[in-house]
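Rule-based calculations on the coordinates, nothing more; no lab input. The structure displayed is predicted, hence computed values, not measured ones. Positions of Cβ are backbone-derived with ideal geometry, glycine not excepted, and every protein chain shown enters the neighbour counts.
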Amino acid sequence: MQTIKQILALVQKDLMQEWRQKYAFYGLLLYVASTVFVMYMLLHQPADKVWNALFWVTLLFISVNAVARSFLQETTGRMLFYYQMCTPEVFMIGKMLYHVLLMAIMSLMCWLLYIWFLGNPLIRLGYFVGLCVMGGSSLGIAFTLLAAIAARAGQNAALMAILGFPIMIPLLMLLTRISEIAFQEVYQPGLIKMWWMLGSLDVFIIALSLILFRYLWKN
Amino acid sequence: MKTYWWKALCIVLLLYTLIAGLLMPVPAKDILNETIRNLHFHVPMWFTMIVLFGISCVSSIQYLRKGSLQKDIVAVETANVGLLFGIMGLITGAIWANYTWGAPWSDDIKQLCTAIALLMYFAYFVLRSSFTDIDKRARVSAVYNVFAFAMLFPLIFIIPRLTDSLHPGNGGNPAFSQYDLDNELRKVFYPAVVGWILLGIWIAQIRIRMRLLNLKSFLS
């Protein structure tokens, strides 16, 4: 009970911070909008496959920026405060939940803008929206530990991209595969297996992050 | 002499691999023909790479638990030599593919996965070089090293299942195990694997000893 309260308090604190520094949040939204607009200027109405690939790449870039910020804004003093108040696992779960929320909003936003500008090739809207939220959250979760590592190195999003992109490729490949069925009426063998793979990959990354973060946060 | 036996074994096994691997009779198959001998040189590179990365990961875990800098040095140097073997595996594979698939690089899923794995370990060295504090560098890079090694598993077990590969044994291509009915290839392949792994460990060991001497003179 205590732990759940602590986690919720951490998430609440992050949301509160976001609310008070609204310019950063709007900045992120504008980042999404301008990225999609650049895609629109270059491609106008791309083919289904291009649409799908571009969508996930855009989401990848958004998640790097969104997640990197949340760790870099924690000052040393504040980290010391967390260190005394809660366990590393609680802190990590709190951060992950916050990233899931943030990325869910961002991926929905990204999806809306894609439909708006680049046309709507989707047949199964609901399926794709669900997958889009799930994929966005998976990226947010996977980048959480890497953001902590990059923040320790005192570096910006560039280091996070170097560390993260190779690791995200399996996730992105799975997501593009799973989303293919939203574009056309095709029989896709092994779809359920791929959903299971996505789920177990997420669980695997969460477990690994919780175990490893303990060593990062001592100084 | 007792501690050197495995080095002697390594030399003997590699000499045997070179001589027998190039001269012994091999099953004659279409397209593959004599290139089947690459089995003794290309595939053991991957075994060695995985073994070295595994040692690197284990020493990183040991570093996180105990905090001795020696373990950090072991982790770096094994990763370094593992990377070398990975690159050699890629090159031997590309040469082989040039003759069998018609091009050194054909976007085969296993080639892509290897490229990703190598990128992950290049990132490990970039991460290390971004620190000036030795202890901090050791701790943070150890965390990344464990994470990277764990993420190799989806690369090996998930992605190859999503796509067909041109490699023998995938996508309807027969595997080597169906060829060597008379165990001709196996007689060379298994010693070759052991020999190459020992060579990898040997190179890593020399580099580790060098780094430890450097550390000693640095501290004194």
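For the reader, a short list of remarks on this structure follows.
- With a threshold of 19 Å on the Cα-Cα distance, the over-threshold entries among A:K218/B:K216; A:K13/A:K95; A:K218/B:K136; B:K71/B:K216 are A:K218/B:K216.
- Spacing of the two label points (7 Å from each Cα toward its C-beta) at B:T132 and B:D107, in nm: 4.6 nm
- Loop chymotrypsin sites (Phe, Trp or Tyr not before Pro), the stretch A:122-219, which have at most 14 other Cβ atoms in a 10 Å radius of their Cβ (DSSP): A:Y187
- Taking a ≥ b ≥ c as the square roots of the eigenvalues of the Cα gyration tensor, the protein assembly as shown is oblate, since a/c reaches 1.5 or more and a/b is not larger than b/c.
- For the stretch B:124-133, putting each phi into the Karplus relation 6.51 cos²θ - 1.76 cosθ + 1.60 with θ = phi - 60° gives couplings of 4, 6, 5, 4, 4, 6, 8, 10, 10, 7 Hz, in residue order, rounded to whole numbers and with x for Gly and Pro.
- Straight-line reach from B:K29: taking Cα to Cα under 27 Å and skipping same-chain neighbours fewer than 8 places apart, the lysines in range are B:K110, B:K187.
- The stretch B:2-212 - percent relative contact order, Cα under 8 Å, separation 6 or more: 36 percent
- Note that the stretch B:1-149, at 20 °C in a medium of 1.002 mPa s, gets a Stokes-Einstein diffusion coefficient of 123 µm²/s from its Kirkwood radius over C-alpha pairs.
- When the Gaussian network model of chain B links Cα atoms closer than 10 Å, the mean-square fluctuations of B:S129, B:S56, B:S141 top out at B:S129.
- Stretching the chain fully between B:E34 and B:K187 yields a gain of 53.4 nm (0.36 nm per residue, less the alpha carbon separation).
- Kirkwood Rh in Å, taken over all unlike Cα pairs in chain A: 18.2 Å
- The spacing between the stretch B:121-137 and the stretch A:32-76, judged by their C-alpha centroids, is 28 Å.
- Extension reserve of the A:Q73-A:A33 stretch, reckoned as 0.36 nm per residue once the Cα distance is removed: 12.1 nm
- Using alpha-carbon coordinates, inclination of helix B:39-66 to the longest axis of chain B, degrees: 20 degrees
- Of the trypsin sites (Lys or Arg not before Pro) found in the stretch B:1-47, the ones in coil according to DSSP and having at most 16 other Cβ atoms within 10 Å of their Cβ are B:K29.
- Membrane-span-like helices in chain A, defined purely by DSSP H runs whose alpha carbon atoms cover 20 Å or more axially and whose average Kyte-Doolittle hydropathy reaches 0.5, are A:22-43, A:48-72, A:88-118, A:125-152, A:157-179, A:191-217.
- ³J(HN,Hα) computed for each position of the stretch B:22-29 - Karplus, 6.51 cos²θ - 1.76 cosθ + 1.60, integer Hz, glycine/proline x: 8, 10, 5, x, 10, x, 7, 10
- Two-site FRET efficiency, A:A24 against B:F218, from Cβ-Cβ distance with R₀ of 41 Å, rounded to 0.05: 0.40
- Going from the fewest other Cβ atoms within 10 Å to the most, the residues A:L122, B:L127, B:L15 appear in the order B:L15, A:L122, B:L127.
- Note on A:L80 and A:K218: their simple-model spin labels are 1.9 nm apart, each label 7 Å out from Cα toward Cβ.
- Considering every alpha-carbon pair of the stretch A:1-78, the percent of pairs per 10 Å bin, from zero through the bin containing the longest distance, is 15, 35, 27, 17, 6, 0.
- Nitroxide proxy distance, nm - points 7 Å out along Cα→Cβ at A:V50 and A:E185: 2.6 nm
- Estimated FRET transfer efficiency when R0 is 25 angstrom, pair A:I192-A:I123 (beta carbons, to 0.05): 0.85
- Mean Cα-pair separation over length for chain A, i.e. relative contact order, pairs under 8 Å, 6 or more apart, %: 28 percent
- Per residue, the convex hull spanned by the Cα atoms of the stretch A:38-152 amounts to 100 cubic angstrom.
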